[in-house]
Amino acid sequence: MIITVANPKGGVGKTTTCLNLGAISVYHGKRTCLIDYDPKANLTEALIETTASIPTITDLLFYYTSFIEICLPVQDNFFLVPARQELTGFTRPQQEVLRQTYSLKEKLSPYVKDFDLILIDTPPALSSLTIEAISIADGILIPTQATYFCLKILPDFLQFCTKRPFDSKSKFIKAFITMSHRHSSVSEEIQRIIREKFDTTLLSATIHHHIQLEESPASAQSIVTYDPNSMATQEYEALYLELQSIR
Ligand SMILES: Nc1ncnc2c1ncn2[C@@H]1O[C@H](COP(=O)(O)OP(=O)(O)OP(=O)(O)O)[C@@H](O)[C@H]1O
Ligand SMILES: [Mg+2]
């Protein structure tokens with residue numbers, strides 16, 4: 001099962017969701033792989049100390065390197081396909097010109113069955129990377145904040161995701177609210193509108209704003225090891241279980 005975490009709006013919790021949903025999946029005994037498909041490499045930096053010598057997704061796309069060669073074990077049952085900044089500027093037209101490059105689909109396909117869950121983190125844009133990640137996924141997970149700007153972008157992005165060639169019957173498209181602020185009347189009102197408008201698309205699980213979710217990447221940890229008994233862990237657990245139930 002491949003789930004692509006996407007939203008063209010920046011800073012809405014895509015990377016945080018990949019990291020923590022992945023860690024919850026591992027906690028449930030599932031063999032889990034995170035793919036950092038964002039040139040910013042935030043997901044990579046949240047998990048490992050990066051050095052120039054580690055092979056990354058760029059090696060996968062441009063060279064003969066196989067998927068398994070760049071898939072780093074970060075703990076038991078938990079793997080990361082890292083990114084480095086040089087993925088910046090990489091676009092499909094460039095790839096077509098170069099010809100000797102590869103698609104993520106062809107490199108990943110032989111290994112999909114080796115994992116229970118593969119989560120792909122994407123950039124905050126409808127770039128060729130995001131589009132490719134959406135096209136190969138079994139499900140699209142859209143983190144959204146209860147803010148005016150997120151509310152504005154969500155309908156267009158949902159419409160985009162349901163267009164060809166992404167409209168396969170088996171693909172699920174689900175959004176959820178994250179970084180929700182308790183006791184904020186604006187946030188509550190926007191949440192109410194989002195729930196009303198996107199009823200069937202929106203998951204019930206909500207992730208509130210938790211300071212531990214900001215802190216944990218600085219110690220190269222997910223919330224599961226950083227603060228296992230926190231509300232943040234419980235909320236990501238609820239999100240994981242709800243996703244399991246719709247699959
Ligand atoms: N529920 C949360 N509570 C508190 N802070 C959060 C939460 N989720 C994410 N954050 C913080 O918000 C910031 C943006 O989150 P994140 O990097 O996951 O978003 P993103 O959508 O991946 O951003 P980008 O579009 O730039 O890739 C980060 O500093 C992260 O630690
Ligand atoms: Mg990110």
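One residue alone among 134, 120 is in contact with a Cys (Cβ under 7 Å, 6 or more places away or on another chain) and among the aliphatic types (A, V, I, L, M), and that residue is 134. Within the range 90-103, track down each residue that is over 14 Å from residue 135 (Cβ atoms) and either part of a helix (DSSP H, G or I) or at pLDDT 55 or above (or both). Result: 90, 91, 93, 94, 95, 96, 97, 98, 101, 102. Of the helices (runs of 4 or more DSSP H) contained entirely in the range 104-162, those carrying at least 3 residues that are closer than 20 Å to residue 199 by Cβ fall at 148-162. The numbered conditions (1) part of a loop (DSSP other than H, G, I, E, B); (2) within 23 Å of residue 3 (Cα to Cα); (3) not aliphatic (A, V, I, L, M) are all true for residue 174 except (1). For the range 199-216, indicate whether the set of residues that are among the charged types (D, E, K, R), over 22 Å from residue 118 (Cβ atoms), surrounded by 13 or more Cβ atoms within 10 Å (Cβ to Cβ) and modelled with pLDDT of 95 or more is non-empty. The answer is yes; a qualifying residue exists. Against the numbered list (1) touching a residue at least 60 places away in the same chain (Cβ under 8 Å); (2) aliphatic (A, V, I, L, M); (3) farther than 20 Å from residue 171 by Cβ; (4) within 14 Å of ligand 1 (Cβ to nearest atom), residue 41 comes up short only at (1).
Condition check: of a type in the set (A, V, I, L, M), modelled with pLDDT of 95 or more and over 19 Å from residue 205 (Cβ atoms). Does residue 136 satisfy that? Here the answer is no, as residue 136 does not meet what is asked.
Candidates in the range 22-40 are the residues that are of a type in the set (A, V, I, L, M, F, W, C) and in contact with a helix residue (DSSP H, G or I) (Cβ under 6 Å, 6 or more places away or on another chain); of these, the one that is nearest to ligand 2 (Cβ to nearest atom) is 34.
The values are calculated or read from the model by the stated rules, or taken from the named source; none is laboratory data. Quick caveat, the model's predicted, so the values are computed rather than measured. So basically every Cβ, Gly included, is an ideal-geometry build from the backbone, and we count neighbours across all protein chains shown.
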